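The values are calculated or read from the model by the stated rules, or taken from the named source; none is laboratory data. Everything numeric in this text was worked out from a predicted model, so none of it was measured. FYI the Cβ positions are ideal-geometry reconstructions off the backbone, even for glycines, and counts take in every protein chain you see. Note: areas computed on protein heavy atoms with side chains; ligands, DNA, RNA excluded. Shrake-Rupley method; radii C 1.70, N 1.55, O 1.52, S 1.80 Å.
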Amino acid sequence: SQTIHQWPATLVQPVGSPLSLECTVEGTSNPNLYWYRQAAGRGLQLLFYSVGIGQISSEVPQNLSASRPQDRQFILSSKKLLLSDSGFYLCAWSRGNDYGYTFGSGTRLTVV
Amino acid sequence: KNEVEQSPQNLTAQEGEFITINCSYSVGISALHWLQQHPGGGIVSLFMLSSGKKKHGRLIATINIQEKHSSLHITASHPRDSAVYICAVTEGAQKLVFGQGTRLTINP
């Protein structure tokens, strides 16, 4: 069966520090991968998606970047965190438009 | 760009009540999703539908493509159903557009 792993679960980082969140999928190949963010009191927002290794599409210009070094690995990064980067980050995967989505357990990031 | 609106934003009910959450969208879609987000933040996909009706246990989801409207129903509601329910639509290009969510609280 397919599973998705996301870590860490919680993270407190100072402003200006780097960030690396990792997401891996098991049990499937060539998944579509997504990073979403949910700011406090707001809805989910798509940050990045990837349909293949090395293919990254950015939805919102920001202080973050994403990479997909392997088929089932998706990484969200920042060189220097801002206070506004605080939020709940979710990774997800799907086989495509005609299929459902499976979400990771999320990372709650607090930038102080 | 699609706009997804849910109603109500907050809903409190007593255990056993029949619950309905509504979702409207503005542009034609390929699929609509109902998601459940628990207090810890984790999200579970409940339904994906592009027409008609789906049922899973006490949960029922319907969609009317012509009216661009979907409903999520919960029968015999229970306190463990308390969560945020999110409607999201796929309009192409591998992307979901989310509603703001409906916070449901079921009191015993």
Please go through the stretch A:21-34 and pick out each residue that is open to solvent by 20 Å² or more (accessible area, probe 1.4 Å) and within 13 Å of chain B (Cβ to nearest Cβ).
A:Asn30
Among A:Gln45, A:Gln62, which is the only one that is in contact with a strand residue (DSSP E or B) (Cβ under 9 Å, 6 or more places away or on another chain) and more than 11 Å from every other protein chain (Cβ to nearest Cβ)?
A:Gln62
Just to verify a result, which residue in the stretch B:61-82, among those that are over 22 Å from B:Gly28 (Cα atoms) and surrounded by 20 or more Cβ atoms within 10 Å (Cβ to Cβ), is nearest to the other protein chains (Cβ to nearest Cβ)?
B:Ile74
Do we find that A:Ser17 is open to solvent by 10 Å² or more (accessible area, probe 1.4 Å), of a type in the set (Gly, Ala, Ser) and assigned to a strand (DSSP E or B) in this structure?
no
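Looking only at strands (runs of 3 or more DSSP E) that fall completely inside the stretch B:15-62, which ones have 3 or more residues that are under 29 Å from A:Trp7 (Cβ atoms)? First the steps, then the outcome.
On the way: elements: B:19-25, B:31-37, B:43-49, B:52-56.
Qualifying strands (runs of 3 or more DSSP E): B:31-37, B:43-49.
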Long-range neighbours under 6 Å by Cβ, at least six apart or interchain, first residue free of Cβ contacts under 8 Å to residues at least 40 places away in the same chain within the stretch A:79-107, second assigned to a loop (DSSP other than H, G, I, E, B):
A:Asn97/B:Ser30
Could you please tell me which pairs satisfy a Cβ distance under 9 Å, a separation of 6+ or placement on different chains, a first residue in the stretch B:1-29 that is more than 19 Å from B:Ala61 (Cα to Cα) and open to solvent by 50 Å² or more (accessible area, probe 1.4 Å), and a second residue that is β-branched (Val, Ile, Thr) and part of a loop (DSSP other than H, G, I, E, B)?
B:Lys1/B:Val27; B:Glu3/B:Val27
For the structure I just gave you, tell me whether A:Thr102 is polar (S, T, N, Q) and surrounded by 16 or more Cβ atoms within 10 Å (Cβ to Cβ).
yes
Across the stretch A:35-86, what is the number of residues that are open to solvent by 10 Å² or more (accessible area, probe 1.4 Å), closer than 23 Å to B:His38 by Cα and more than 10 Å from the chain's Cα centre (by Cα)?
9
Failed condition for B:Ile43, given (1) more than 14 Å from chain A (Cβ to nearest Cβ); (2) of a type in the set (Val, Ile, Thr); (3) buried (at least 19 other Cβ atoms within 10 Å of the Cβ)
(1)
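Which residue out of A:Asn97, A:Asn30 is at pLDDT below 95 and on the phi > 0 side of the Ramachandran plot?
Values: A:Asn97 fails: on the phi > 0 side of the Ramachandran plot.
Sole residue among the options that is at pLDDT below 95 and on the phi > 0 side of the Ramachandran plot: A:Asn30.
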Find the strands (runs of 3 or more DSSP E) located wholly in the stretch A:38-112 whose residues include 3 or more that are in contact with a Leu (Cβ under 7 Å, 6 or more places away or on another chain), and list them.
A:44-52, A:73-78, A:87-94, A:107-111
The one condition in (1) out of contact with any strand residue (DSSP E or B) (no Cβ under 7 Å at 6 or more places or on another chain); (2) without any contact (Cβ under 8 Å) to a residue 24 or more places away in the chain that B:Ala76 fails to fulfil:
(2)
